[in-house]
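Readers should treat all values here as calculations from the given coordinates under stated rules, not as data from a laboratory. The model shown is predicted, which means the values in this text are computed figures rather than measured ones. Reconstructed Cβ throughout: ideal geometry from the backbone, glycine too, with neighbour counts over all protein chains shown.
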Amino acid sequence: MTLRPATGDDIAAMHRIRLVVRENRLDDPGRVTPAHYRPYVAEPGVSWVAELEGHLVGFGIADRSSRSLWALFVDPEFEGRGLGRALLQQLTDCLFESGFARINLSTEPGTRAERMYLAAGWTQVGVLPTGEVWLVRSPSEGPVSS
């Protein structure tokens with residue numbers, strides 16, 4: 001597996017993955033369009049892709065303005081290979097290196113994604129009006145790679 005910064009050329013593949021995931025599916029696919037990825041891809045260090053054998057199979061995006069993870073998705077055909085954990089670590093490092101003492105994300109309850117976040121040191125602090133769980137993490141709540 002290779003992690004690398006995302007480029008504008010990756011947006012179509014990133015969006016394809018976003019639309020085929022099994023969990024945290026978009027009820028309205030029009031809510032997130034390829035145009036939504038562009039500002040993140042243009043900002044250095046916040047958008048990453050995972051490749052296997054030259055194919056883009058996962059991606060993650062950090063949002064510095066909200067100190068959160070905007071997206072973290074793996075192609076269902078490539079789940080269970082550590083891609084999500086590697087992307088999560090990259091995004092977590094990005095946000096902590098930006099100087100934030102606490103970062104957050106939301107996800108559907110009872111999902112593999114929620115379990116991965118909790119295992120990585122995230123803590124549930126509430127439930128949003130959408131029904132998603134709200135999770136937070138501080139650097140002291142788990143290892144951050146160097």
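General remarks:
- Lys, Arg +1 and Asp, Glu -1 on Cβ, resulting dipole of the stretch 66-117 about Cα centre, debye, nearest 20: 200 debye
- Most simply put, the chain has about 95% antiparallel DSSP beta bridges, counting only bridges with both residues inside it.
- When the chain is described by a simple charge dipole with +1 on each Lys and Arg Cβ and -1 on each Asp and Glu Cβ, the residue from Trp122, Leu83, Val57 located farthest towards its positive end is Trp122.
- The chain, helix-only ellipticity at 222 nm - DSSP H runs n ≥ 4, -39,500 (n - 2.57), divided by all residues, nearest 500: -8500 deg cm²/dmol
- Histogram of C-alpha separations across the chain, 10 Å bin width, %: 11, 44, 38, 6, 0
- About its Cα centre, the dipole of the chain is roughly 220 debye, where the only charges are +1 on Lys and Arg Cβ and -1 on Asp and Glu Cβ.
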